Structure formats: C-alpha cells, structure tokens
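Down below is the structure, laid out as structure tokens.
Derivation of every value follows stated rules applied to the coordinates shown; laboratory data play no part. Worth saying up front: this structure is predicted, and the values here are computed from it rather than measured. A quick note on method: Cβ atoms are made from the backbone with ideal geometry, for glycine too, and the neighbour counts reach across all protein chains shown.
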Amino acid sequence: MDAEKLSYRELIKTGTDKLKEANIEEAETDTWYLLEAVSGLSRAEYFLRSEYEADIDEVEEFLRLIERRSKRIPLSYILGNRDFMGFTFKVNEDVLIPEQETELLVEEVLKCCDDKSVLDLCTGSGCIAISISLLGKPSKIVGLDISKRALEVAKENALLLKASAVDFLQSDLFDKINEKFDIIVSNPPYIETDVIEKLQPEVRDYIPRLALDGDKDGLKFYRKISESAPKYLNKNAVIFYEIGYNQGGEVSDILYGNGFTDIRIIKDYSGLDRIVMANFKG
C-alpha cells in the first residue's frame, strides 16, 4: 500500500493492527489518540473525512508514533501530556504519569485545605500540588521531590497552568524543610521491588524507578514520612497517603505507631483501598 495514498480510515486500521500485534490492550483507543495528535481531527470530523487521503507528513508522523507505542512506550509519554483533575499536565520520562486514582487523593485534600498550609511530598509532575492550588484555597502550598528533573517538569506545569502560588523545592523528603504545615499529602513510591519486574512493560521499562520502588515490602516511604512528619505538622493537622490496594492495614499501623489518630481508609472507584488519612493532634 502506497503510504502517500493512505486515507484516515486506512491509518486507523493500520495503526490498530500494529498495536494489536504488540499486545496493546487499548489498541484502537490509542490509535485514535495518536491520529488526533497528528491530524487535529476530532472523532466527529473523522467520520466525515475518513475516506480523505492524509497528507504525507501526517502519514509519516502517525506511523512513527505508532511504532513508538508498539515498543510499549506509554501513550502519555508519546503525547507529552496527561489530563488530571480537569487540567492538562505535561509529562515525560522523568515523572510518574498521573492516574485517575490519584484524583481521589486530591479530592479528599480539597475537602479540608482552605486557609491551610499544604506540603506535597514526592510531587513528581506537580499534579497534586498544582491541582490543590487551583481548585482549593490553601494559605500556602509546597511541593517537594528529590529529582531535579521531575521538579523541572513540575515548575513548567505550574507556569503553563498559572499556578504561581505553588513553591517547588528539591529535597529528600523533609531534609530542606524547617517549618510546619497543616496538611501533608503524598503519593510516594509504594511498589515492592521484586514486583516491579512483573509489571507491564509500560511501567517496568519506562516509568522512573525512583517513582515506583518502595523497597522490599513497598512501605519504606510510609515509614520514613510517618516517623518524621510529627516534627513538621501543626496541631490538629491531617496526613493523606495514596497506597497500594493491599497496604491499607499496614500503613494504618505505621501511622498509629507514630502518634496519628482517627485513621481512615478510603476506597477507590474499583472498591479497592486507595487512600489512608489520619489526624495529628500535636
């Protein structure tokens, strides 16, 4: 088939077949997103123009992107962005891709963050801190990450989304912090080291290991944060964690052992444990 004479319909079929061969579960959906990125066509426009021949530049770029996706590079890294909490965030191989489950974490913080100071640990792309800043009314919000490259992405997202109230700081957890906050929120690395090698290639081979690896039992960062957090929390403060589906009990025990009370586990949209929150009386 002459690439110069491929119609949009033929591009969709070619791309879908290629991604199915690569065992991409959402082959057709991903093909749609890649065609839209290249051509600018909405789905409604596609149905009106499906038999139109695509420009050769569109064909070449589309096939290039399909080839990248067939190598199991995450779709969001190929597109360079991800929608989260109604905003479009830049993402690349230096940051964890924001997922829908993390929106639940933000929604819980938004219920109590007005006029409160918020510290976002392991901020990555900045999606949590920026969303809280734009959708809530915190008195102060700081995002921390150990990765300089991740913070570059976070700062760019803050600039793009006009979230000027967020301060980003490179720090290994609390190392560079010398003040107290009313709320700590974190989606830390929580996957067991041995489990990472069993994950889908999109995660195992492309997501930064720094954003995934929670050590042997996946609980390293919950321990470190929970042990140190009381020094950096005001009286009557609240801590929020995103957790793995099977970590609710263990994370709750860690918090209880470090003086936190009123511990609650919140389930996600699939009915799995996803958020642990607790109070700190001080």
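Listing for the model above:
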| read-out | value |
| --- | --- |
| Normalised contact order of the chain, rounded percent, pairs of Cα under 8 Å and 6 or more residues apart | 13 |
| On Cα atoms only, tilt of 27-39 relative to the major axis of the chain in degrees | 80 |
| Residue-wise HN-Hα coupling along the stretch 74-86, computed from phi with Karplus coefficients 6.51, -1.76, 1.60 (Hz; x: Gly, Pro) | x, 4, 5, 5, 5, 6, x, 7, 8, 7, 7, 6, x |
| Protection proxy ranking of 44-55, 118-129 - average other beta-carbon atoms within 10 Å, highest first | 118-129, 44-55 |
| Using distinct alpha-carbon pairs, which all enter the 1/r mean, Kirkwood radius of the stretch 85-280 in Å | 16.6 |
| On Cα atoms only, tilt of 248-257 relative to the major axis of the chain in degrees | 30 |
| Cα centre as origin, Lys/Arg/Asp/Glu Cβ charges: the chain dipole, Debye | 1140 |
| Nearest-ten-degree value, helix 56-70 long axis tilted from longest Cα axis of the chain | 50 |
| Inter-centroid distance (Cα atoms) of the stretch 12-64 relative to the stretch 153-205, Å | 33 |
| 10 Å-binned pair-distance histogram of the stretch 3-71 (Cα, whole percent) | 24, 58, 18, 0 |
| Mean residue ellipticity (222 nm) of the chain, computed from DSSP H runs ≥ 4 via -39,500 (n - 2.57), nearest 500 | -11500 deg cm²/dmol |
